[in-house]
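Reading through the structure tokens given below for one structure.
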Amino acid sequence: MAVTRIGILGGSFDPPHAGHLMIAREAKERADLDTVLFIPAGEQWLKEGQDVAPATHRLAMTHLLVGSTPAFGVSDMEVTRPGPTYTVDTLQELRQDSPPGTEYFFILGEDSVADLTLWHNPQELVTLCRFIAMPRVDGTGRPDLTAAYDAIPGLRENVTILEDAPRMDVSSSSVRRMVESGDDLRGIVPDYIVKYITAHRLYGVGGAD
């Protein structure tokens, strides 16, 4: 039976940037993935109360980022799902609609592995996918994953850490600050996304839609 290996890159994508593409490309190559699916979050319960751009804009910008990149795709399943966004629900839905032999690999930062105990139903999540973890950018050392491994049976065996993977020292929050300050985003955010941000007055550009 043929096996299809699908990477999942979730997040706010608020806004998406070149670092997201780098992460996806590195995970695809190093983990021998057939494709990487970008899934912008809808209503993120862990970020409740935070100022997040409307999901329609984040989804549109993610489509612009991915464009026609081979083996990359975008799903609106979390944006269109009512209520809070839970990764476990997303993986359950994906697996229900997948042919036999499909394997899922959730791509995240190594720090997020340490925080998996805070996620909704992490024990079931471990049964639905494997994890590909990217190291910290800031060089402050490796996070201690012992507590997460002890709290979630099977997690340790399902995590692959790409220890020497290249990373860009950029985050969506730093990009938003740069937009507000009028800083040069070349090399960090593609021009077509910068134009989208300007056209829709996101992140303090002439007021928000």
Complete set of residues in region 22-42 that are without any contact (Cβ under 8 Å) to a residue 60 or more places away in the chain, of a type in the set (A, V, I, L, M, F, W, C) and open to solvent by less than 20 Å² (accessible area, probe 1.4 Å): Phe38, Ile39, Ala41
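Which one is nearest to Gly67 (Cα to Cα), of the residues in region 182-201 that are open to solvent by less than 90 Å² (accessible area, probe 1.4 Å) and in a helix (DSSP H, G or I)?
Of all residues in region 182-201, those open to solvent by less than 90 Å² (accessible area, probe 1.4 Å) come to 182-185, 187-190, 193-194, 196-200.
Going one step further and asking which of them are in a helix (DSSP H, G or I), we end up with 193-194, 196-199.
Values: Ile193: 11, Val194: 15, Tyr196: 14, Ile197: 17, Thr198: 19, Ala199: 19 Å.
Across region 182-201, the extreme among qualifying residues is Ile193.
Among the residues of region 101-113, is any farther than 20 Å from Arg25 by Cβ, without any contact (Cβ under 8 Å) to a residue 60 or more places away in the chain, open to solvent by less than 40 Å² (accessible area, probe 1.4 Å) and within 20 Å of the chain's Cα centre (by Cα)?
Yes, because at least one residue in region 101-113 is farther than 20 Å from Arg25 by Cβ, without any contact (Cβ under 8 Å) to a residue 60 or more places away in the chain, open to solvent by less than 40 Å² (accessible area, probe 1.4 Å) and within 20 Å of the chain's Cα centre (by Cα).
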Residue, least open to solvent (accessible area, probe 1.4 Å), within region 49-88, restricted to residues that are under 13 Å from Gly10 (Cα atoms) and out of contact with any strand residue (DSSP E or B) (no Cβ under 9 Å at 6 or more places or on another chain): Val88
For region 114-133, indicate whether the set of residues that are buried (at least 18 other Cβ atoms within 10 Å of the Cβ), closer than 21 Å to Pro40 by Cα and touching a residue at least 60 places away in the same chain (Cβ under 8 Å) is non-empty. yes
Considering every residue within region 102-115, establish whether at least one is at pLDDT 95 or above, within 26 Å of Thr198 (Cα to Cα) and among the acidic types (Asp, Glu). no
Identify, from the list Ser181, Ser173, the residue that is free of Cβ contacts under 8 Å to residues at least 24 places away in the same chain and within 16 Å of the chain's Cα centre (by Cα). Ser173
Could you list all residues from region 150-181 that are open to solvent by less than 60 Å² (accessible area, probe 1.4 Å) and in a loop (DSSP other than H, G, I, E, B)? Ile152, Gly154, Leu155, Leu162, Ala165, Met168, Val170, Ser171
Conditions (1) at pLDDT 90 or above; (2) over 16 Å from the mean Cα position of the chain (by Cα); number of the one not met by Gln50: (1)
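The values are calculated or read from the model by the stated rules, or taken from the named source; none is laboratory data. Bear in mind the structure is a predicted one, so any value in this text is a computation, not a measurement. A quick note on method: Cβ atoms are made from the backbone with ideal geometry, for glycine too, and the neighbour counts reach across all protein chains shown. Only protein heavy atoms, including side chains, enter the accessible area calculation; ligands, DNA and RNA are left aside. Shrake-Rupley method; radii C 1.70, N 1.55, O 1.52, S 1.80 Å.
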